[in-house]
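See below for the structure under consideration.
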């Protein structure tokens, strides 16, 4: 099971990220059919494996681990300083508040929302591509799942 989620993470976030996010001491919540449902570490959710597409959605603990192992600008969206408190409390990120974004982001990707200094602010799902986030002035850029102030 550990090998499987590490491979999925490597495919989704880049080579080597699987080991960084999922240490050997992970625990698993298994579905009735025997598949991985959630990955836990020290009682905190690192990730959930979505049944409909086989991709990982990260919890805040998993996002922190990904933030440590993923090279800049990988899967990152930089947000304006004046909206940081809102995003950190779990509000969605709109295009007009995006300062910069990784141009390799695709709609539907898990993304790290960071401040201007690179500190983690939130984790969520990209609604638009990285290029669209940077160019558009209206619309939602990231559907935020967890902000750092929601712990």
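A few comments on the model shown:
- Relative contact order of the chain, pairs being alpha-carbon contacts under 8 Å that are 6 or more residues apart, as %: 19 percent
- Rough spin-label spacing in nm, given labels placed 7 Å along Cα→Cβ, for residue 131 and residue 37: 4.1 nm
- Segment 76-150: relative contact order as a whole-number percent, Cα under 8 Å and 6+ apart: 40 percent
- Placing a label point 7 Å from the Cα of residue 71 along the Cα-to-Cβ direction, the residues of segment 1-26 with a backbone N closer than 19 Å are 9-21.
- With a simple spin-label model that places each label point 7 Å from the Cα along the Cα-to-Cβ direction, the separation between residue 2 and residue 138 comes to 5.1 nm.
- Separation of segment 20-45 from segment 72-100 is 29 Å, based on Cα centroids.
- Distance between the pseudo-spin-label points of residue 80 and residue 28 (7 Å out from Cα toward the beta carbon): 4.5 nm.
- In plain terms, the residue of 86, 13 with the fewest other Cβ atoms within 10 Å comes first and the most crowded comes last, giving 86, 13.
- The slack in the chain from residue 117 to residue 149, taken as 0.36 nm per residue of separation less the alpha-carbon distance, amounts to 9.8 nm.
Taken together, the values in this text are just the output of simple stated rules run on the coordinates, not laboratory data. Keep in mind that this is a model prediction, so the values were computed, not measured. Using ideal geometry, Cβ is built from the backbone for each residue, glycine included, and neighbour counts are taken over all protein chains shown.
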